1. Would you check if there is a residue in the stretch 334-344 being over 28 Å from GLY499 (Cβ atoms) and either crowded, with 21+ Cβ neighbours inside 10 Å or within 19 Å of the chain's Cα centre (by Cα) (or both)?
2. Quick one: which residue in PHE517, PHE448 is in contact (Cβ under 8 Å) with a residue 40 or more places away in the chain, under 30 Å from LEU128 (Cβ atoms) and among the aromatic types (Phe, Trp, Tyr)?
3. Could you give me the residue pairs with C-beta distances under 7 Å whose first residue belongs to the stretch 239-263 and is in a strand (DSSP E or B), whose second residue is more than 15 Å from the ligand (Cβ to nearest atom) and of a type in the set (Val, Ile, Thr) wherever it lies, and which are 6+ apart or on separate chains?
4. So which residues in the stretch 166-181 are in contact with a Lys or Arg (Cβ under 9 Å, 6 or more places away or on another chain) and within 15 Å of the ligand (Cβ to nearest atom)?
5. Select from the stretch 471-500 the residues that are within 24 Å of ARG461 (Cα to Cα), touching a Gly at 6+ places or on another chain (Cβ under 9 Å) and surrounded by fewer than 17 Cβ atoms within 10 Å (Cβ to Cβ) and list them in ascending order.
6. Test ALA370 against the criterion of being over 30 Å from THR185 (Cβ atoms) and of a type in the set (A, V, I, L, M, F, W, C), and give yes or no.
7. Can you name the residue in the stretch 259-286 that is within 30 Å of GLY217 (Cα to Cα) and surrounded by fewer than 19 Cβ atoms within 10 Å (Cβ to Cβ) and, of all such residues, is farthest from the ligand (Cβ to nearest atom)?
8. Give the residue, chosen from THR134, THR88, THR106, that is outside any helix (DSSP H, G or I), free of Cβ contacts under 8 Å to residues at least 24 places away in the same chain, within 23 Å of ALA41 (Cβ to Cβ) and not acidic (Asp, Glu).
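The values are calculated or read from the model by the stated rules, or taken from the named source; none is laboratory data. It should be emphasised that the depicted structure is a prediction, and the values quoted were computed from it without experimental measurement. When we count neighbours, we look across all protein chains shown, and the Cβ atoms used for this are built from the backbone with ideal geometry, even at glycine.
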Amino acid sequence: MQIAQRATTPLLCLVLLLAIARAGLAHDPTAKRFQRERAFALAQALQNSERAPVEAAGAASCRLTIELMLGQTPQPVAGLVRVTNLVTGKEISFSEEIHRDKNWYTLAPRTTLTLPRAKLKVEAFHGLETGLVTREVDLTGKDKETLSIPLKRFYRAATQGLRAGNTHLHLMKLTHAEMDRYLRTVPLADGLDLVFVSLLRRIPDERDYITNTLTDGDLGRLSQGGLLFGNGQEHRHNFGPGGEGFGHVMLLNILKRIEPVSIGPGIMKEGTDGIPLQRGIRTARQDGATVIWCHNTFGHEDIPNWVTGLLHAQNIFDGGDHGTYEDTFYRYLNVGMKVPFSTGTDWFIYDFSRVYVPFTGELTSKKWLAELAAGKSFITNGVFLEFTANDKHVGETIPIAAGDELRIAGRAIGRNEFRQVELIHNGQVIHSVAAQLSDDHVVEDLEFKLRVSESGWIALRIPQNAGQNEFGKPLFAHTSPIYLTVNNQRIFRPEVARGLLSEMKASQELIRDKGTFADAAERESVLRVYREGIDLLQTRIDAK
Ligand SMILES: [Zn+2]
């Protein structure tokens, strides 16, 4: 399916992106970072690439039709393809196709490319479930050719009863036709089942936020071929254009837009800082929406809203680089909170980041989000995880008596090298197994007997610095926890609680100093969020 696009050459793209990044025209911190990183990635990729010949080149070019065949499915599928000219050693860039990092391109099913009449290498894969297949094709003296590439799955999430969602996506600086093409092609090529496209506001940049034009009707129209789109809004506050403020939350599957979408003069260039995120969060919850904290450590209202129990899940690695599991998840879990792991990609689908939850039957946003909020998830951009303890699954609670032995079984499987799989108990790595290459993928089984004497939680992950995926992104994979309780009591570490308490107190001070409030009532409405969080946590510390 070829859709007319602006005739933008990769070089022009690069010049534009560099200009945007340098001028800092986009004040969205994650948008700005995205554009900067994209510009560098593209510059690097293009350094090692040559442009595909234009069709008018006639005698010098060949039309190659590529079909990616997946398993027994008779129709070709969308996927990722990279073509290298074996004569020049350079990867080939295509101005008409959707460019991903490292000169990969997302191709619609059965795409015809104009290529040099030369010996070429074609690499291809689909989503996270197939091996990477390499084929050589000699187009010397040919004006057209068809290349059919069979792709083999080494893992099938659907037969494990899993569905993959990206909880955080916006697109900008595309035409409507380009957005349509992107949304119809990229998620399917990447093997996503569900994508939440969310509205966000910023003056004046929002005029370029093309996904803001999508209605629920449009999302329904785009939901085809086994792919579902859900709605949402990013509700947020920054101090200044991109500084840390109250934070960002994703409100997903909303009944109605919750106003104001963005809070404060930092983003909207008018008004005050006099509304906490918590007001919108409470409205969203009343409407039956799901609330996900975005960007991990970024923002001040995360701790009080987790303490108050108003957040359904937490995103990490969803645009930008904001802290580790240890900075947030492990601390919350060690004071007895239930924290489902979640992720997404924010600006464009620049990585394979997604969250898997078990799901049977017809996919709906509401039901998928309910499974996520129940903590049955794992997050990944490359490696699948399976994890049970005494045959209980992620999100479940196992009542134990001190001295009990847990039978833990885990498995990690992915296309890329990921070094090892790690068993986490109350935030510490207590066991790890090195990953082994097997055919076209890497797999490791972990079995462990854990004697437990206190309440806590266990989870499975791959390590930080595990390696990279095809886009050169650092690999990550982490399950949500299985919870362990003795006498129905959850873990509660007072020293961790005291750390959270002092962070809330520091936030309260900072906001009192930095915030612009119309009157005492506005100031109180914001500061009360922190005071209530502090009081709740203090009560729990005192009870110990
Ligand atoms: Zn966002």
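1. no
2. PHE448
3. Sorted first by the residue in the stretch 239-263, then by its partner, the pairs are VAL249/ILE281; LEU251/ILE258; LEU252/THR290; ILE263/ILE275.
4. If the condition is that a residue be in contact with a Lys or Arg (Cβ under 9 Å, 6 or more places away or on another chain) and within 15 Å of the ligand (Cβ to nearest atom), then ASN166, THR167 are the ones that fit.
5. Within the stretch 471-500, PRO474, PHE492 meet the criteria.
6. No: the conditions fail for ALA370.
7. GLN286
8. Within the list THR134, THR88, THR106, the selection yields THR134.
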